[in-house]
Amino acid sequence: MPKSPNFIRIKADVLRLVAKVPRGRVTTYGAIGLELDVMARHVAYILAMLTDDEADEVPWHRVVGQAGLLKPTRLRPLAVRRALLEAEGIRVGDDDRVETFEQVAYSFS
């Protein structure tokens, strides 16, 4: 099903912001949503539905839920996100939350 021009624009904006999150830092769906004036769930949907090629181009794993909670997606298991974050030096607790979230949270402003 073809996507609307608005969806295509929002997706491009989301991917542009995700690409800005530096290695070793994370941001939230909500932070991106606030920056773009879209709902966090739309950001989550866009990132959950990335093709493999798109996922290879942007650090999707650096976008987490509120307060650093890692969330699995249909296409990418939680273990993959955890491994990618830990490879960047971000510690993830047994509760699937980024440890020291406040210290590694990236702000766009």
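Worth pointing out:
Residue by residue, here is whether (1) out of contact with any Ser or Thr (no Cβ under 9 Å at 6 or more places or on another chain); (2) over 21 Å from Val80 (Cα atoms); (3) without any contact (Cβ under 8 Å) to a residue 24 or more places away in the chain holds:
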| site | (1), (2), (3) |
| --- | --- |
| Ile10 | yes, yes, no |
| Val18 | no, no, no |
| Gly24 | yes, no, no |
| Val38 | yes, yes, no |
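- Which listed residue is touching a Phe, Trp or Tyr at 6+ places or on another chain (Cβ under 9 Å) and surrounded by 12 or more Cβ atoms within 10 Å (Cβ to Cβ), from Leu36, Leu50, Leu75: Leu50
- Restricting Val58, Val92, Val43 to those that are of a type in the set (Val, Ile, Thr), touching a strand residue (DSSP E or B) at 6+ places or on another chain (Cβ under 9 Å) and under 30 Å from Arg9 (Cβ atoms) reduces the list to Val43.
- The residue that is farthest from Gly24 (Cα to Cα), counting only those in segment 89-109 that are within 16 Å of the chain's Cα centre (by Cα) and modelled with pLDDT under 95, is Phe108.
- Verdict on Val80 being over 10 Å from the mean Cα position of the chain (by Cα) and not in a helix (DSSP H, G or I): no
The values are calculated or read from the model by the stated rules, or taken from the named source; none is laboratory data. What you see is a predicted model; the values in this text were computed from it and never measured. Neighbour counts run over all protein chains shown; Cβ positions are idealised from the backbone, glycine included.
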